[in-house]
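Everything below concerns the one structure shown next.
The values are calculated or read from the model by the stated rules, or taken from the named source; none is laboratory data. This is a predicted model, so every value here is computed, not measured. Neighbour counts run over all protein chains shown; Cβ positions are idealised from the backbone, glycine included.
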Amino acid sequence: MMRKLFCIVFWLPLMVVAQGEVRTQKAENYIFEGNEAFDALDGVAAEKNYRRAIATGTKTDIARFNMGATLQQDNYVDEALRAYADVTKTTKERPNKHRTFHNIGNALMQIKDYKGAVEAYKNALRNNPNDDETRYNYALAKKMLEEENQDQDQDQDQKEDQDNQDQQKDQNQDQEGENDKEQEGENQQDNKDESEEEGENEKDEQESDKNDEQDQQGDNEKEQQPPQESPAQLSTQQVQNLLEAMNNEEKKVQDKVNAKKAKAVGTKSKKDW
């Protein structure tokens, strides 16, 4: 019994090693075929073989890296970035990290994510500071990022200027509207004042015409009346003479009256009964 158990324990690791070697060999074969398709620009076949290699569970970092490069070559940048990100999580070797971050920077440059590219190239240089191509790409990404920021600043300034102009235009339009309302109100008030003034003038003219007619009528009536002579002014002597003449006439009249009274008295005694 102990012997059989020993044999089982002895042969099991050999079987695991053998299976691992088979998977590794398969992965290497798939990677080789994928590389051949990649060089032939057959992205579909290359990706298919790299996925088969990943499925074996061995050589996964290499298979994912090469699949990312294939997707990047065919402009499937987002998928490529996901493949590279998986590599950065699992790989331990600095050269592999350098190459992966370098390719991430290149992929981000394709989609004009210059800020992300700068960070990717920094990580690449941390793992290999002596790579001239990475340093060149890093400098280029920084320059592109600076130009982008300048363009954004200019666009922002232009937008602010345009907003200020639009705001000023709106304010001017509002002010013009208020001025128009005020002017309209003033015109209405002026028209009202003019109407009232015209009414007053018309009323004054009517009253004036009425007064003129009355004055004209009065003048006509005066013209129709016979002229009256103004009494002549008498001197003092003439007034005195006139009074004496009037006294004399009054005396004569009184004498006549007295004479008639005396005569009547005399005839009264001769009446028959």
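Annotations for the structure displayed:
Conditions (1) assigned to a helix (DSSP H, G or I); (2) charged (D, E, K, R); (3) within 46 Å of the chain's Cα centre (by Cα), marked per residue:
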{"position": "ALA45", "(1), (2), (3)": "yes, no, no"}
{"position": "MET67", "(1), (2), (3)": "yes, no, no"}
{"position": "ALA85", "(1), (2), (3)": "yes, no, yes"}
{"position": "ILE104", "(1), (2), (3)": "yes, no, yes"}
{"position": "ALA107", "(1), (2), (3)": "yes, no, yes"}
{"position": "LYS112", "(1), (2), (3)": "no, yes, yes"}
{"position": "THR134", "(1), (2), (3)": "yes, no, no"}
{"position": "ALA139", "(1), (2), (3)": "yes, no, yes"}
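- Subset tally (residues that are basic (Lys, Arg) and under 20 Å from LYS89 (Cα atoms)) for region 101-156: 2
- Residue in region 65-74 that is surrounded by the fewest Cβ atoms within 10 Å (Cβ to Cβ), counting only those that are over 16 Å from PHE32 (Cβ atoms) and not hydrophobic (A, V, I, L, M, F, W, C): GLN73
- Per the conditions (1) of a type in the set (Lys, Arg); (2) in a loop (DSSP other than H, G, I, E, B); (3) touching a residue at least 24 places away in the same chain (Cβ under 8 Å), the sole criterion not satisfied by LYS26 is (2).
- Check on GLY34, without any contact (Cβ under 8 Å) to a residue 60 or more places away in the chain, small (Gly, Ala, Ser), surrounded by 15 or more Cβ atoms within 10 Å (Cβ to Cβ) and assigned by TED's automatic domain parsing to the domain that holds GLU133: no
- Criterion violated by ARG51 - all others in (1) of a type outside the set (Gly, Ala, Ser); (2) assigned to a helix (DSSP H, G or I); (3) surrounded by 16 or more Cβ atoms within 10 Å (Cβ to Cβ) satisfied: (3)
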